[in-house]
Amino acid sequence: AILVLGGGAPPAPDAQLPFVAARCKAAAALWKAAAKKPKILTLSAGTAHVPQLLDARGSVVFEATASAAVIINEGVNSADVFVETTSFDTIGNAFYSRNDHCSLAGWRRLLVITSEFHLARTKAIFDWVYGAAGAEPSGAYELSYLGTEDTGLTPAEVS
């Protein structure tokens, strides 16, 4: 499965911030290129210190939902796209993706996609959470990582 991290309040229900859109487009490209189509899980309810986008009815637009829309709009079959809408930070992304999705679905080989600026932090956290013994034994998951361009971010924002 492919896990795509969020990164801030989306500008619209079916759009993402440029650096998050780069993550989504990378996931979609990998899905399109794969002979056996992987499942894609988009992560994050929101960012704790950022006001959330509301739709026309006043309901929250989760980061993961907007990311899923971008991925589906890139041509990925919606049946292969799932959302994790509980977490509000990277630790939560790892915890809830493992406990609420990967463990239950039996997804063991995972590609985690985030931006280059966020890659070292993401790898440390996901290796820690997915390496811990739980419902599955320690070492049950095979994780790999892909860093995408920090599109739309200034050097000050990524330092």
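Among the residues of the range 34-51, write down those that are under 18 Å from the mean Cα position of the chain (by Cα), of a type outside the set (S, T, N, Q), in a loop (DSSP other than H, G, I, E, B) and under 21 Å from VAL81 (Cα atoms). Spell out how you get there, then give the answer.
The initial filter retains those residues of the range 34-51 that are under 18 Å from the mean Cα position of the chain (by Cα), namely 37-48, 50.
Those left that are additionally of a type outside the set (S, T, N, Q): 37-41, 43, 45-46, 48, 50.
With in a loop (DSSP other than H, G, I, E, B) added as a condition, the list becomes 37-39, 45-46, 48, 50.
Across the range 34-51, the qualifying residues are LYS37, PRO38, LYS39, ALA45, GLY46.
Filter the range 103-159 down to the residues that are out of contact with any Pro (no Cβ under 9 Å at 6 or more places or on another chain), farther than 21 Å from LEU30 by Cα and in a loop (DSSP other than H, G, I, E, B) and list them by number.
Across the range 103-159, the qualifying residues are ALA132, ALA133, GLY134, ALA135, GLU136, PRO137, SER138, GLY139, ALA140, THR154, SER159.
So, in the range 72-90, of the ones that are in a loop (DSSP other than H, G, I, E, B) and open to solvent by 60 Å² or more (accessible area, probe 1.4 Å), which residue ends up farthest from LEU17 (Cα to Cα)?
If we take residues in the range 72-90 being in a loop (DSSP other than H, G, I, E, B) and open to solvent by 60 Å² or more (accessible area, probe 1.4 Å), then ASN77 is farthest from LEU17 (Cα to Cα).
Looking only at residues in the range 32-71 that are polar (S, T, N, Q) and out of contact with any Cys (no Cβ under 9 Å at 6 or more places or on another chain), which one is least open to solvent (accessible area, probe 1.4 Å)?
Applying the filter and picking the extreme gives SER44.
Test of understanding: among GLU157, GLU142, GLU116, which residue is in contact with a Gly (Cβ under 6 Å, 6 or more places away or on another chain) and either open to solvent by 70 Å² or more (accessible area, probe 1.4 Å) or without any contact (Cβ under 8 Å) to a residue 40 or more places away in the chain (or both)?
GLU116
Here is a list: ALA9, ALA22. Which entry is open to solvent by less than 70 Å² (accessible area, probe 1.4 Å), within 19 Å of THR148 (Cα to Cα), in contact (Cβ under 8 Å) with a residue 24 or more places away in the chain and part of a helix (DSSP H, G or I)? Don't jump to the end; show me each part of the working.
Numbers: ALA9 fails: part of a helix (DSSP H, G or I).
Just a single option satisfies the conditions, and that option is ALA22.
The values are calculated or read from the model by the stated rules, or taken from the named source; none is laboratory data. Since we're looking at a predicted model, the values are computed, not measured. Here Cβ is always computed from backbone atoms with ideal geometry, including for glycine, and neighbour counts include all displayed protein chains. Ligands, DNA and RNA are stripped out before the accessible areas are found, and what is left, the full protein with its side chains, is counted by its heavy atoms. Shrake-Rupley method; radii C 1.70, N 1.55, O 1.52, S 1.80 Å.
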